[in-house]
Structure formats: C-alpha cells, structure tokens
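Nothing in this text is a laboratory measurement; each read-out follows from the coordinates by a stated rule. Because the structure is predicted, anything quoted here is derived from the model rather than measured. FYI the Cβ positions are ideal-geometry reconstructions off the backbone, even for glycines, and counts take in every protein chain you see.
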Amino acid sequence: MEYSIEHEDEGAKGAFFVQNGGQRLAEMTYSRTNASLIIIDHTEVDASLGGQGVGRKLLQALVGWVRSADIKVVPLCPFAKAQFDKDASIRDVLV
C-alpha cells in the first residue's frame, strides 16, 4: 500500500499519521509542553500495516520536524522510547 505521512499540529497537541479514506491507520501523537518541548505520548499502527516499519517512519517524520523546528523530545510512549534506545543517530533531539 502506498501512503504518505501527514502532520497536524494544533498547538497543545499534534500527530503524525497515515490515513486511508479518512480513517487513520497509524499515528504517533504528542503533547506540547512549551514552544521548544514535546512529549511523544502514543503510537498505534493498524494490523493491516503491521510489519512494514510504519511506526518507525512516523518517528522519522517527527524527528525531521523537531530538528528543523529546534524542538526537544521526551519519549513517554514505550514504542518511541524503545526506538530512541536502539538508535543513537536520533538521540540528538532528546532533552
């Protein structure tokens, strides 16, 4: 399945997500504590996208965004925390 990662930022909350027909099939949500700090609080991927690395792609999109916006990250979501623990190349965005 071809998909694109979309981003919505509503001030206090935001998400990177994949949707099909208006239905979200995967998302990584965050809460903003201030202009320069977000907390990744949840990641969910529908079973139909399982095993395709979609969660990791959501995280890569988020990391690219925070790097360009000079924002730091606290990964409370277990999936995101595990990814940061595994990959030193993305830890520069952590507090």
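Tabulated data for the structure shown
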quantity: Within the range 8-19, tally of residues that are within 12 Å of the chain's Cα centre (by Cα) and surrounded by fewer than 13 Cβ atoms within 10 Å (Cβ to Cβ); calculated: 1
quantity: Scope the range 73-95; condition of a type in the set (D, E, K, R) and under 13 Å from the mean Cα position of the chain (by Cα); matching residues; calculated: 81
quantity: All positions within the range 53-78 that are touching a residue at least 12 places away in the same chain (Cβ under 8 Å) and either assigned to a loop (DSSP other than H, G, I, E, B) or touching a Lys or Arg at 6+ places or on another chain (Cβ under 9 Å) (or both); calculated: 66, 70, 71, 75, 76, 77
